Amino acid sequence: MSMQNIEDIYELSPMQQGMLFHTLSEPDRALYILQIRAVLEGSLDPIAFKQAWRKVLENNPVFRTSFHYKELPKPLQVVNRKVALPWSELDWRNESHDEQKRLLDALLSRDQLKGFDPSHAPLFRLTLIRLGARSYQFLWTCHHLLMDGWCLPLIMREVMTGHDALQAGQSVAHKRALPYKDYIQWLQARDRSEEESFWRNELNGLAAPTLLLEKTVASSSSKEREGYVDIEVILSTEMRERIISFSRQHQLTPNTIMQGAWALLLSRYSGRDDVMYGATVSGRPADLEGVETMIGLFINTLPVRVRLNVNEAAIAMLKRLQSRLAEMRQYETSPLVQIQGWGELPRGLPLFDSIVVFENYPIDPVSPSQGSSLRIREVQYTNKNNFPITLVILPGASFILRLTFDLARIDRSTAEGLLLNYTALLRDLLERPSARVSDLRIQEGAQVRAEGGEDRNDRHADLSVHELFQLQAEMRPDDVAIVFEEERLTYSELNRQSNQVASFLIEAGVGPGSVVALFQRRSARSLVSLLGALKAGGAYLPIDVSQPDKRIALVLEDASPSLIITDRSLVGRVGDNGIRKICIDTQWPEISACSQENPRRRAMPGDAIYVVYTSGSTGRPKGVVVEHRSVVNYILAIRDRTNIGQDCAMALLQPLSVDMGNTVIFPSLCFGGCL
């Protein structure tokens, strides 16, 4: 980067820091890539349209901004004086309507996966596609680091005003945009002492995160499970009118109503009456002059905690929620990562895995020029964040409910049921506001995960097995977790070492859907390997070293594990089968250099935890897959019947290759005992 081309340098907002982190840590997921597209009809002049965008680039510093982080104590954003306009044009006039649609779908997919390098400006690109004599498809792809949805109509008005002026042979004179740097300086000058007190009080006593996780796709490969999918429900005009009239009658905002219905849904699915979700707020401070027309990223995601009283009337719950949301507004610039640190949950556990976004800006920007003959229609945009589930409410002529979900976490049929249940709860809420919250109905016959469980209110039911262990490591780090001969490991030591193995396995490609074979002699390190495989998101396959080589080869051939963890003295017995081998003893110096921090959540309750093979006495041995939720239900039942806890010691007698050996491990490690 040329120093002469630098116009300004300043720090990132907390939201930008979070987006940059996820962009860099998960580069293949195309997170935070905004795609805005629209059909332009009428007398569009492509040359004037391109020149209008060039004026926007010159007038708005954010579009000339790049983000730099290498060899810096903290990331910085740099405004460049000049950058090239990323413009391309395509001509599809000779293609049929169906072919144009196919070409557009393929372009959108390629364009999103292309992503951006945050350190190279500009972090947006423009594509104009000619569809007919007076019809164009326009695609504007932009990294979310630069701006939020509030900016879309502001920029489009600026573009269309410029286009109309240039087309008429007039000069373009836009008012110079206020720099985003003003907002950064405003943030840095804030006193956050009151924020900390508010959020500590808000999170006080929160026993567990609210994780809206349903059955994952167990039959698909990890590649087939990648990516985000959108499903939509368009509410009827009658339903829209009912929402508007209900909000006026009870002096509630539509946003409060929609969030209240989501809180009720979370309660039904989790079986708890103390739930939390994320809500996106505009984040534009009223006391910052000119903020309403400033271009940049202002939105923020805040935790919303809703304590439900089953005997309370639904309308009373909504009134309480609205008051709480209003109180939160004065703290809406609080960084989510800092809020999490002010809570009581162990580090590494999210507060929630679902967010609600109520779009409160005009989705269909129109040309402000009275005499313009250009019309904009079919405005659509997409954006994928790092949360597994996002509910977006798009108010307008109709209310559109868009559920965006991660296929690695939730399958399509479950997501569709989720959206149907939400709309059913919303409808019943509007029809019966005086009903008790416990009496509001979801979709008849729909499957709710909490139903049928041993304990609907158990705060551990949404966690995977290794997350239960991590809770113990946080609560009693110095207690002895395992004893093998003369070797002892505390919960803290076991957790740190298994995190190092997990980091090593993640780098090796282990994740949800992977199977890791464990071919080790019984030792403390064999349990380190086991927990490491789980934390990496995989399932483990225990193989007894006392088994004959023929059976070992048969199991490996049938299971096709991603890799094998073994010891130097045993590696020769697993054969030259093309499966990667990790010798835990000889490679420990390399493994021990990996991160000791808990990895982000990768395994879900419906994912496999281990695979064991039958004896084969009646024929060929068969693999049996066991899920996290099954083991969690089992150990919760054991705890309830035996009062197992930190004063309990359990002996592991069976090998891990039989089911009983596995079920002995977890009640001890997940509830503070010594194994």
- prompt: If you check residue 123 against the conditions, is it out of contact with any Asp or Glu (no Cβ under 6 Å at 6 or more places or on another chain), of a type in the set (A, V, I, L, M, F, W, C) and crowded, with 20+ Cβ neighbours inside 10 Å?
  reply: yes
statement: Checking 70, 82 in turn, the sole residue that is over 30 Å from residue 137 (Cβ atoms), surrounded by fewer than 17 Cβ atoms within 10 Å (Cβ to Cβ) and basic (Lys, Arg) turns out to be 70
- prompt: Of (1) polar (S, T, N, Q); (2) at pLDDT 90 or above; (3) crowded, with 18+ Cβ neighbours inside 10 Å, residue 309 satisfies all except one. Which?
  reply: (3)
task: Could you grab me the full set of residues in the range 385-420 that are within 16 Å of residue 352 (Cα to Cα) and of a type in the set (Phe, Trp, Tyr)?
output: 387, 405
task: Take the range 475-507 and flag every residue that is in contact with a Lys or Arg (Cβ under 7 Å, 6 or more places away or on another chain) and small (Gly, Ala, Ser).
output: 498, 502
- request: Report whether or not residue 510 is among the β-branched types (Val, Ile, Thr), over 25 Å from the mean Cα position of the chain (by Cα) and over 18 Å from residue 675 (Cβ atoms).
  value: no
- prompt: Considering the range 223-249 alone, what residues qualify as being out of contact with any helix residue (DSSP H, G or I) (no Cβ under 6 Å at 6 or more places or on another chain), of a type outside the set (Gly, Ala, Ser) and assigned to a helix (DSSP H, G or I)?
  reply: 237, 238, 239, 240, 241, 244, 248, 249
message: Every residue in the range 426-444 that is at pLDDT below 90 and either small (Gly, Ala, Ser) or outside any helix (DSSP H, G or I) (or both), please.
response: 438, 440, 441, 442, 443, 444
message: Please go through the range 121-142 and give me each residue that is out of contact with any Pro (no Cβ under 7 Å at 6 or more places or on another chain) and of a type outside the set (A, V, I, L, M), ordered by number.
response: 127, 130, 132, 134, 135, 136, 137, 138, 140, 141, 142
- prompt: Pick from 171, 193: which is within 16 Å of residue 59 (Cβ to Cβ), hydroxyl-bearing (Ser, Thr, Tyr) and free of Cβ contacts under 8 Å to residues at least 24 places away in the same chain?
  reply: 171
message: Tally up the residues in the range 553-597 that are crowded, with 16+ Cβ neighbours inside 10 Å, more than 36 Å from the chain's Cα centre (by Cα) and farther than 17 Å from residue 516 by Cα, please.
response: 0
statement: By residue number, the members of the range 331-344 that are without any contact (Cβ under 8 Å) to a residue 60 or more places away in the chain and surrounded by fewer than 16 Cβ atoms within 10 Å (Cβ to Cβ) are 341
- request: Among residues belonging to the range 49-66 that are charged (D, E, K, R) and within 13 Å of residue 81 (Cβ to Cβ), point out the one that is modelled with the highest pLDDT.
  value: 64
- line: Of those in the range 235-249 that are under 20 Å from residue 321 (Cβ atoms) and of a type in the set (A, V, I, L, M), the residue surrounded by the fewest Cβ atoms within 10 Å (Cβ to Cβ) is 244
- prompt: Any chance the range 101-117 includes a residue that's under 17 Å from residue 17 (Cα atoms) and crowded, with 19+ Cβ neighbours inside 10 Å?
  reply: yes
- line: Per the filter on the range 634-663, residues in a loop (DSSP other than H, G, I, E, B) and at pLDDT below 70 are 643, 644, 645, 646, 647
statement: Out of (1) assigned to a helix (DSSP H, G or I); (2) touching a residue at least 40 places away in the same chain (Cβ under 8 Å); (3) of a type in the set (Ser, Thr, Tyr), the one residue 109 does not meet is (2)
- line: Taking the range 263-301 and the residues there that are among the acidic types (Asp, Glu) and outside any loop (DSSP other than H, G, I, E, B), the one that is surrounded by the fewest Cβ atoms within 10 Å (Cβ to Cβ) would be 292
Sole exception among (1) closer than 19 Å to residue 380 by Cβ; (2) over 31 Å from the mean Cα position of the chain (by Cα); (3) surrounded by 13 or more Cβ atoms within 10 Å (Cβ to Cβ); (4) not acidic (Asp, Glu) for residue 97, by number: (3)
- prompt: Mind checking which residues of the range 252-272 are at pLDDT 90 or above and over 13 Å from residue 393 (Cβ atoms)?
  reply: 252, 263, 264, 265, 266, 267
message: Exactly one condition in (1) closer than 17 Å to residue 583 by Cα; (2) surrounded by fewer than 19 Cβ atoms within 10 Å (Cβ to Cβ); (3) not polar (S, T, N, Q) is false for residue 542; which is it?
response: (2)
- request: Starting from the range 590-607, take each residue that is of a type in the set (A, V, I, L, M, F, W, C) and list its partners that are at pLDDT below 85 and in a loop (DSSP other than H, G, I, E, B), counting only C-beta distances under 6 angstrom and pairs at least six apart or across chains.
  value: 603/464; 604/213; 604/216; 604/409
statement: If you go through 501, 510, 515, 480, the only one that is in contact with a Cys (Cβ under 6 Å, 6 or more places away or on another chain) and of a type in the set (A, V, I, L, M) is 480
- request: Pick out the one residue from 218, 173 that is modelled with pLDDT under 90, outside any helix (DSSP H, G or I), among the aliphatic types (A, V, I, L, M) and over 26 Å from the mean Cα position of the chain (by Cα).
  value: 173
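The values are calculated or read from the model by the stated rules, or taken from the named source; none is laboratory data. For clarity, every value in this text was computed on a predicted model and none was experimentally measured. Cβ atoms come from the backbone with ideal geometry, glycine included; neighbour counts cover every protein chain shown.
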